[in-house]
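Chemist: Have a look at the structure that comes next, please.
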Amino acid sequence: MDRPFVFINSAMSADGKISSYERKQVRISGPEDMDRVKLLRADSDAVMVGVGTVLADDPGLRVKSQDLKRMRSNRGLPEDPMRVVVDSRARTPPAAEVLGEGCILAVSKAAPEERLAPLRKKCEIVSLGEDRVDLEELLSILHKKGVERLMVEGGATLNWSLIEAGLVDEIYTYVGPMIIGGEAAPTLVDGPGFRADYPRLKLILVETMAGGVLLRWRVLS
Ligand SMILES: NC(=O)c1ccc[n+]([C@@H]2O[C@H](COP(=O)([O-])OP(=O)(O)OC[C@H]3O[C@@H](n4cnc5c(N)ncnc54)[C@H](OP(=O)(O)O)[C@@H]3O)[C@@H](O)[C@H]2O)c1
């Protein structure tokens, strides 16, 4: 397989929303689930998000705990996993937290040079695909760079594209005890949706946690 093992991790409300209709971040999970996510991140070679998530949440995507950084160093790994942003038109703001050493910005040929120039100083840029980032090629490049385990931390549109392309192996969803509502609020997987051949999943873990439930699914090919 010319790509890493790919898993999505997401927190959603009981009604399947991952943020509000204003696309504002909602605290869905509690400390217990956040510790689980930190560990998953520290155990990954790279973490990936779409530019929609960067614009909405400005995540740093780094390992914050000193213990987890040490765990990685002891394994001979950099303190933080590689950070990857999928951003066809280079809309990532040059001040975004995710940028810096260890960040890869994947753009398409449609990215304008005037937006790329300031970003080049802050991260490695790879250009793949005409209008949209070619995800299969991106995963192949990451694999060649030594990425064996890739954690996808959203959002809804990137999740869709990866699943639609058959590039996801597992999905973790923490379902929190709350309702967000709103037809415009992003769900775990958005995009145009499937009309047939719905991808099938196998449930491999169910765990109650902080009033909600953690589900781990294997995507069947
Ligand atoms: N609860 C959670 O666990 C969680 C986690 C993460 C995010 N979120 C929420 O999710 C929302 C963001 O989701 P989103 O759907 O708006 O954005 P997203 O999935 O983070 O990013 C999607 C964007 O990535 C770019 N892209 C480039 N190539 C692509 C490709 N091949 N396939 C798909 N996208 C590609 C597209 O923009 P261009 O065409 O401009 O490149 C696209 O609009 C935010 O509200 C955030 O708070 C929640």
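Only the coordinates and a few stated rules stand behind these numbers; no lab work does. Everything numeric in this text was worked out from a predicted model, so none of it was measured. Here Cβ is always computed from backbone atoms with ideal geometry, including for glycine, and neighbour counts include all displayed protein chains.
Chemist: At 222 nm, what value in deg cm²/dmol follows for the chain if DSSP H runs of at least 4 each add -39500 (n - 2.57) and the sum is divided by all its residues, to the nearest 500?
Modeler: -7000 deg cm²/dmol
Chemist: Just going by the charge dipole of the chain, with Lys and Arg at +1 and Asp and Glu at -1 on Cβ, which of 12, 86, 102 is farthest out on the positive end?
Modeler: 102
Chemist: Return the FRET efficiency for the residue pair residue 55, residue 179: r is the Cβ-Cβ distance, R0 is 25 Å, and the value is rounded to the nearest 0.05.
Modeler: 0.50
Chemist: Still on this structure, please answer the following. How big is the dipole moment of the stretch 5-219 about its Cα centre under a simple scheme where the beta carbon of each Lys and Arg is +1, that of each Asp and Glu is -1, and everything else is neutral? Debye, nearest 20, please.
Modeler: For the stretch 5-219, the charge dipole is close to 380 debye.
Chemist: Which of the peptides 141-152, 105-116 is most tightly packed, and how do the rest follow, judged by the mean count of other Cβ atoms within 10 Å per residue?
Modeler: Top of the packing list down: 141-152, 105-116.
Chemist: Follow-up question, since we're still on this one. How far, in nm, would the chain grow between residue 40 and residue 206 when pulled straight, counting 0.36 nm per residue and subtracting the alpha carbon separation?
Modeler: 58.1 nm
Chemist: Counting DSSP beta bridges in the chain, what percent are antiparallel, to the nearest 5?
Modeler: 35 percent
Chemist: Moving to a separate point now. Would you mind checking which residues have amide H under 5 Å from residue 201's amide H? H placed 1.01 Å from N; only 5 or more apart, or other chain.
Modeler: Hits under the 5 Å cutoff: 220.
Chemist: How far apart, in nm, are the 7 Å Cα→Cβ label points at residue 194 and residue 75?
Modeler: 3.1 nm
Chemist: Residue 69: which lysines have alpha carbons under 16 Å from its alpha carbon, excluding same-chain residues fewer than 8 sequence positions away?
Modeler: Counting by Cα, and skipping residues close in sequence, residue 69 has these lysines nearby: 38.
Chemist: Mind checking the dipole of the stretch 129-169: about its Cα centre, +1 per Lys or Arg Cβ, -1 per Asp or Glu Cβ, Debye to the nearest 20?
Modeler: 220 debye
Chemist: Between residue 65 and residue 116, what is 0.36 nm times their sequence separation minus the Cα-Cα distance? Round to one decimal in nm.
Modeler: 15.2 nm is the gain from fully extending residue 65 to residue 116.
Chemist: Taking R0 as 30 Å, what FRET efficiency do you get between residue 213 and residue 164 from their Cβ-Cβ distance, rounded to the nearest 0.05?
Modeler: The calculated FRET efficiency here is 0.70.
Chemist: Can you tell me the relative contact order of the chain? Whole percent, Cα pairs under 8 Å, sequence separation 6 or more.
Modeler: 32 percent
Chemist: List the aspartates and glutamates whose alpha-carbon lies under 12 Å from that of residue 122, not counting same-chain residues fewer than 8 positions away?
Modeler: 97, 101
Chemist: Ranked by Cβ crowding within 10 angstrom, fewest neighbours first, how are 208, 157, 92, 53 ordered?
Modeler: Exposure proxy ranking, most exposed first: 208, 157, 92, 53.
Chemist: Please give the Cα centre distance for the stretch 47-88 versus the stretch 96-110, rounded to the nearest Å.
Modeler: That distance is 12 Å.
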